[in-house]
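Please treat every number below as a calculation from the coordinates, not as lab data. All figures in this text were calculated on a predicted structure; none of them were measured in a lab. A quick note on method: Cβ atoms are made from the backbone with ideal geometry, for glycine too, and the neighbour counts reach across all protein chains shown.
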There are 2 protein chains.
Amino acid sequence: MSDSTGSKSDRTRDELAAEALELDAADPLRTKRAEFVLDDEVVYLDGNSLGALPRAVAGRVADVVERQWGRLGIRSWTESGWWTAPERVGARVAALVGAGPGQVVVGDSTSVNVFKAVVAAVRLAGRDGGGRDEILVDAATFPTDGYIAESAARMTGCRVRAVDAGSVAAEAGPRTAVALVNHVDYRTGRLHDLPGTTAAVHAAGARVVWDLCHSAGALPVGLDAHDVDFAVGCTYKYLNGGPGSPAYLYVRRDLQPRFDSPLPGWNSHADPFGMAPAYTPADGAARGRVGTPDILSLLALEAALDVWDGVAVEAVRAKSLALTDFFLRCVRAYVPAGRAEPVTPAAHDERGSQVSLRCEPDAERVMAELVRRGVVGDFRPPDVLRFGFTPLYTGFADTERAARVLGEVLAG
Amino acid sequence: MSDSTGSKSDRTRDELAAEALELDAADPLRTKRAEFVLDDEVVYLDGNSLGALPRAVAGRVADVVERQWGRLGIRSWTESGWWTAPERVGARVAALVGAGPGQVVVGDSTSVNVFKAVVAAVRLAGRDGGGRDEILVDAATFPTDGYIAESAARMTGCRVRAVDAGSVAAEAGPRTAVALVNHVDYRTGRLHDLPGTTAAVHAAGARVVWDLCHSAGALPVGLDAHDVDFAVGCTYKYLNGGPGSPAYLYVRRDLQPRFDSPLPGWNSHADPFGMAPAYTPADGAARGRVGTPDILSLLALEAALDVWDGVAVEAVRAKSLALTDFFLRCVRAYVPAGRAEPVTPAAHDERGSQVSLRCEPDAERVMAELVRRGVVGDFRPPDVLRFGFTPLYTGFADTERAARVLGEVLAG
């Protein structure tokens with residue numbers, strides 16, 4: 001217990017808590033939290049794994065099930081806009097990743113979209129005719145990208161070479177067909193240099209596929225501005241689409257006529273209801289479609305994207321950096337020295353929207369205890385505590401509390 | 001208007017209507033209709049395109065959204081059984097297609113599952129080492145199967161040869177790696193010989209992939225009994241999973257250790273949360289998974305499958321044949337000669353659960369008028385009227401009415 005004048009640690013805590021309240025009061029995004037279903041007893045810092053539920057979703061899904069499916073039935077393919085939903089929802093995602101219209105389609109999983117993009121990029125490099133035969137992969141990639149790249153390599157006569165994401169620019173060479181890079185490292189939260197890497201890969205005569213799973217909805221991506229070739233990403237993290245909601249594929253407009261998908265399902269046909277035995281690809285983003293779109297999940301995502309109305313990604317990024325800066329300060333103030341060391345870079349241009357702390361030897365136990373005490377992050381083996389910051393619903397007082405509880409657990 | 005003794009056509013109509021009522025009264029499945037949301041003013045004969053909404057779905061989906069996602073959040077991956085849903089729901093589908101447990105996994109679209117199955121079958125044939133190089137495809141296939149088979153062929157060094165589904169048994173030869181066949185033709189409703197074709201393809205040393213989109217939930221399939229190698233199908237037709245609900249993949253148990261997927265996403269890894277850079281495939285049905293499962297749609301499907309509790313597929317098949325027999329009789333009685341000729345076979349062992357009528361030159365207009373009058377089938381170019389019969393919710397009086405209205409439209 002502190003005496004009446006307060007200990008130094010009490011004063012620190014009081015100052016940080018007061019600062020948090022001031023920051024929250026000045027936060028232009030603070031009203032957005034009310035658009036989500038959240039438990040005020042819990043600090044939810046796992047939006048980089050599963051985004052929180054936007055309030056609009058439940059009603060929309062009920063309407064899709066009960067009215068669109070139950071009452072209108074098959075008429076909804078046209079009357080409720082089901083058939084065109086992959087492109088329509090794609091346009092909503094596009095606006096958040098700096099892509100003009102007609103270049104993003106929503107559907108399938110991230111893994112399946114990685115396959116489409118990597119194979120198509122290899123084909124653009126002329127590998128079918130014996131051209132460039134190397135696929136560069138981010139060595140610290142989220143595993144599925146690496147597994148799928150290996151399969152794409154095997155099926156196109158290429159080989160995979162794993163290099164540090166930061167070295168892709170230097171490693172791309174005359175044999176490189178495509179580089180597959182994560183924009184933000186899922187484990188460390190490091191933000192990679194999308195403009196510089198893209199330019200360097202292009203200078204080497206190759207293509208680049210960016211995996212935006214951990215950046216879309218958290219920071220500006222600028223796909224068009226930086227001349228990115230292909231991009232993929234999920235929609236259940238910072239885009240709050242719900243568990244396993246469909247992923248998306250971006251194909252830059254000028255590449256679309258040459259986009260040669262390895263999964264040419266009937267939904268990507270120029271005249272899908274013509275039921276022709278010969279395949280003729282559709283123009284535009286629809287060429288990235290495969291089978292019948294998963295309407296319930298797709299329209300839940302569409303409802304979830306309504307929370308972005310009137311929100312600039314730049315404002316989200318500014319708050320994200322302020323939150324993670326503040327979290328790092330609070331961690332320094334509250335956590336016993338040496339117990340949890342940041343692995344996320346301090347430099348803003350190298351930081352995504354999460355803070356990862358190395359915590360040996362008991363990271364898994366520590367995270368379980370944090371969750372028990374109402375601070376929800378997650379654990380990634382072998383020793384990483386991850387805390388994701390979603391500016392639309394996470395505040396500074398939440399952030400201070402999370403660091404304080406972490407300090408208590410690590411001091412205990 | 002008829003006079004007091006009734007015209008011949010009136011007597012025919014009265015007799016068929018009376019017979020329909022008797023058949024409905026004796027129908028052991030008649031109580032099932034109450035488990036679906038249906039408009040009693042409409043005869044819904046498009047369950048072979050989009051199955052009707054089971055009443056249990058709306059409540060289940062609301063629970064998944066509001067409680068599992070909204071309140072439990074990421075804990076639901078374990079606590080609500082999200083992670084294991086692809087195999088759990090797969091087991092429910094398996095029971096309907098004659099597959100023992102552990103062989104069916106739900107996820108992705110039919111097109112994507114065709115790709116997995118055909119490529120895996122080619123690899124089993126040793127094509128990677130220069131083996132058999134021919135993929136036989138049902139010439140009248142639903143188009144996506146053919147398009148995807150072409151892609152699989154291109155990526156494995158094979159060629160596609162299209163033959164009549166009825167000739168696959170005779171055409172499979174020493175160069176055949178795999179035959180991809182539709183169990184029921186989507187346009188004509190013809191049921192192909194799964195046992196005989198499978199045995200003949202095996203005798204030729206090849207594998208077979210059956211597309212069950214138009215048979216699962218409508219008739220017994222017997223995958224295990226007939227030693228089928230691979231099967232795929234959608235879940236939004238006779239399984240009533242909802243628009244674009246996830247598809248499934250069956251890999252026979254003894255082939256699973258050699259099932260070599262072209263889409264080895266992280267969900268198919270033996271230890272997905274180990275996040276290992278090297279891919280090690282899971283055992284069993286999970287090897288057919290790719291990315292994160294689409295939980296909303298998957299659990300909507302799970303709820304939809306509850307309508308099968310206590311229902312034997314054999315009973316559904318018996319009623320289906322009785323319905324389609326009765327429909328054909330009513331069509332003969334009501335439709336002016338030559339205006340709509342059945343293309344669906346009369347023989348029971350060659351008929352699926354739909355009746356297709358050739359109607360020249362105005363099939364599209366006729367179907368639009370039928371829909372306007374409350375009889376919902378669909379049109380397939382160039383000249384086919386399709387009527388799908390779903391024994392769980394379609395009765396004999398519905399059937400008589402549909403044929404009667406068709407007769408009125410065609411006489412008009």
Histogram of C-alpha separations across the stretch B:1-154, 10 Å bin width, %: 8, 18, 25, 21, 15, 8, 3, 1
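How big is the antiparallel share of DSSP beta bridges in chain A, given as a percent to the nearest 5?
The answer is about 55 percent antiparallel.
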Ranked A:8, A:319, criterion: other C-beta atoms within 10 Å, fewest first: A:8, A:319
Descending semi-axes in Å of the stretch B:177-258, equivalent ellipsoid built from Cα gyration tensor: 22, 15, 10
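If packing is taken as the average number of other Cβ atoms within 10 Å across a peptide's residues, how do A:41-47, A:158-164, A:329-335 rank, most packed first?
Final packing ranking: A:41-47, A:329-335, A:158-164.
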Most fluctuating residue given options B:356, B:80, B:245, as computed from a GNM of chain B linking Cα atoms under 10 Å: B:80
Lysine-lysine proximity count for the protein assembly as shown, Cα under 30 Å, sequence distance 8 or more or distinct chains: 13
Average beta carbon contacts from partner chains per residue of A:251-262, 10 Å cutoff: 1
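Under the Kirkwood approximation for Rh and a Cα-based Rg, what ratio Rg/Rh is obtained for the stretch B:274-412? Spell out each step's value before the answer.
On the way: Rg = 20.7 Å, Rh = 17.8 Å.
Reported Rg/Rh (Cα atoms, Kirkwood Rh): 1.17.
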GNM top mover of A:363, A:139, A:203 - chain A, alpha-carbon springs below 10 Å: A:203
Of every Cα-Cα pair in the stretch B:250-298, the percent that sits beyond 17 Å: 34 percent
Where only alpha carbons of the stretch B:68-162 are counted, the Rg and the Dmax (Å): 17.7, 54
Part-to-part distance (alpha-carbon centres) for the stretch A:100-159 and the stretch A:272-288, which is given in Å: 21 Å
Sequence ranges B:344-352, B:377-385, ranked by mean other-Cβ count within 10 angstrom, highest first: B:377-385, B:344-352
Under 5 Å, built H, 5+ apart or other chain: amide partners of residue B:208: B:179, B:229, B:230
Derived scalar couplings ³J(HN,Hα) [the stretch A:229-240; Karplus, 6.51 cos²θ - 1.76 cosθ + 1.60; whole Hz; x for Gly, Pro]: 7, 9, 8, 9, x, 8, 10, 9, 9, 6, 9, 6
Relative contact order for chain B, counting Cα pairs under 8 Å that sit 6 or more residues apart, in percent: 22 percent
Residues whose placed amide H lies under 5 Å from that of residue B:36, excluding near-sequence neighbours: B:55
Which of B:108, A:224 has the fewest Cβ neighbours within 10 Å, and the rest in rising order: A:224, B:108
For q = 0.09, 0.16, 0.21 Å⁻¹, Debye-computed log10 I/I(0) when each Cα of the stretch A:224-354 counts as one equal scatterer: -0.45, -1.00, -1.27
5 angstrom amide H check on residue B:107, placed H, neighbours 5+ away: B:247, B:248, B:249
The protein assembly as shown - convex hull of alpha carbons, volume per residue in Å³: 161 Å³
Vicinal HN-Hα couplings computed from phi for the stretch B:48-64 (Karplus, 6.51 cos²θ - 1.76 cosθ + 1.60; Hz; Gly/Pro x): 7, 10, 9, x, 5, 6, x, 4, 6, 5, 4, x, 5, 5, 4, 5, 4
Cα-based equivalent ellipsoid of the stretch B:12-98: semi-axis lengths in Å, sorted from largest, via gyration tensor: 39, 16, 11
For q = 0.13 Å⁻¹, Debye-computed log10 I/I(0) when each Cα of the stretch A:58-308 counts as one equal scatterer: -0.76
DSSP beta bridge pairing in the stretch B:153-295, given as percent antiparallel to the nearest 5: 45 percent
Protection proxy ranking, peptides B:148-154, A:146-152, average beta carbon neighbours within 10 Å, highest first: A:146-152, B:148-154
Residue-count net charge about residue B:108 - beta-carbon cut-off 12 Å; Lys, Arg +1, Asp, Glu -1: -1
On Cα atoms only, tilt of B:396-411 relative to the major axis of chain B in degrees: 70 degrees
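Could you tally the net charge around residue A:59, taking each other residue with its Cβ under 15 Å from the Cβ of residue A:59, Lys/Arg +1 and Asp/Glu -1?
Working: positive: A:55, A:60, A:67; negative: A:35, A:63, A:66, A:302, A:306, B:63, B:66.
Charge balance near residue A:59 sits at -4.
What is the local net charge at residue A:26, summed over the other residues whose Cβ is closer than 14 Å to its Cβ (Lys, Arg +1; Asp, Glu -1)?
Spelling it out: positives minus negatives among the neighbours equals -2.
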On Cα atoms only, tilt of B:143-156 relative to the major axis of chain B in degrees: 20 degrees
